1. Across the stretch 37-52, what is the total count of residues that are over 16 Å from residue 134 (Cβ atoms) and surrounded by fewer than 21 Cβ atoms within 10 Å (Cβ to Cβ)?
2. Please find, among 3, 48, the residue that is near the ligand (Cβ under 10 Å from one of its atoms) and within 16 Å of the chain's Cα centre (by Cα).
3. Cβ-Cβ under 8 Å, sequence separation 6+ or interchain: first residue in the stretch 33-54 and under 11 Å from residue 108 (Cβ atoms), partner part of a loop (DSSP other than H, G, I, E, B) and modelled with pLDDT of 95 or more. Which pairs?
4. Restricting attention to the stretch 13-22, which residues are without any contact (Cβ under 8 Å) to a residue 40 or more places away in the chain and within 9 Å of the ligand (Cβ to nearest atom)?
5. Considering every residue within the stretch 114-122, establish whether at least one is away from the ligand (no atom under 12 Å from the Cβ) and not in a helix (DSSP H, G or I).
6. Going by what's in this entry, would residue 69 be described as among the acidic types (Asp, Glu) and surrounded by 20 or more Cβ atoms within 10 Å (Cβ to Cβ)?
7. Please determine whether any residue of the stretch 80-94 is touching a Lys or Arg at 6+ places or on another chain (Cβ under 7 Å), within 21 Å of residue 4 (Cβ to Cβ) and buried (at least 21 other Cβ atoms within 10 Å of the Cβ).
8. Kindly indicate whether any position in the stretch 128-148 is at pLDDT 95 or above, of a type in the set (S, T, N, Q) and closer than 24 Å to residue 189 by Cα.
Amino acid sequence: MAGPTQDFWQQRFVSGQIPWDRGEAHPQLLSWLEQGEITAGLDLVVPGCGRGHELLLLAKAGIRARGLDYSPAAVAMARTQLASAGGCDFAQVEEADVLAWQPRSAIDAVYEQTCLCALHPDQWLRYADQLHAWIKPGGRLFALLMQARRDSAGQGIVEGPPYHCDIQAVRALFPAERWTWPAPPYPAHVHAQGWTELAVVLTRR
Ligand SMILES: C[S@@+](CC[C@H](N)C(=O)[O-])C[C@H]1O[C@@H](n2cnc3c(N)ncnc32)[C@H](O)[C@@H]1O
């Protein structure tokens, strides 16, 4: 299978080579919470949760947040962070492959931050099908779409991670028959690595 393996991600966490990690929750998540877009009582999943900064913020806001990650080191770090914060009973972390995991029942929302761009595009259709299957009709996908286009794309070369989440490719993955799209332009955040992330909220039909 093309793209990074479970061992690739595990080694990044074990060796501390995690330049994508802000050391705190994403500012857009804070905005969505402050704007009341994400509210207490929601059942929300964070695929590829890494060290779990967003889980902690969500749990403190009273959201039933479940993080998924298939790196045991990331899972351990996220669990440690939640435990050391104390009183975060709302949040859980599961060691799971996002391409295989299924919830017991449909969920309200997914917070997608740097999981799509961590997967090789060969796996994107599978991942998009997963998110569609997990979220209940009327539920929402809060997405930060990594814009990481490289010059080599002009020659057809696929480079990553992070893989460039071209907006046209994302429209094809989450088509209008399945998802309601807000009108652009979308808020953009500059990532510490120099990439930009587009913040988009889709509603599952
Ligand atoms: C670039 S990191 C982002 C972590 C976190 N979302 C953040 O922004 O700090 C990608 C994460 O996705 C996880 N991941 C990649 N492929 C996965 C898969 N198939 N199943 C579960 N987790 C996966 C990696 O272990 C890693 O923690």
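1. Counting residues in the stretch 37-52 that are over 16 Å from residue 134 (Cβ atoms) and surrounded by fewer than 21 Cβ atoms within 10 Å (Cβ to Cβ) gives 4.
2. Exactly one residue qualifies, and that residue is 48.
3. Hits for this filter: 44/38; 45/103.
4. 18, 21
5. Checking the stretch 114-122: not a single residue is away from the ligand (no atom under 12 Å from the Cβ) and not in a helix (DSSP H, G or I).
6. Answer is yes for this residue.
7. Looking for residues that are touching a Lys or Arg at 6+ places or on another chain (Cβ under 7 Å), within 21 Å of residue 4 (Cβ to Cβ) and buried (at least 21 other Cβ atoms within 10 Å of the Cβ), one finds at least one in the stretch 80-94, hence yes.
8. yes
The values are calculated or read from the model by the stated rules, or taken from the named source; none is laboratory data. Bear in mind that the values here come from a model prediction, so they are computed numbers and not experimental data. Heads up, the Cβs are rebuilt from the backbone with ideal geometry, glycines too, and the neighbour counts pull from every protein chain shown.
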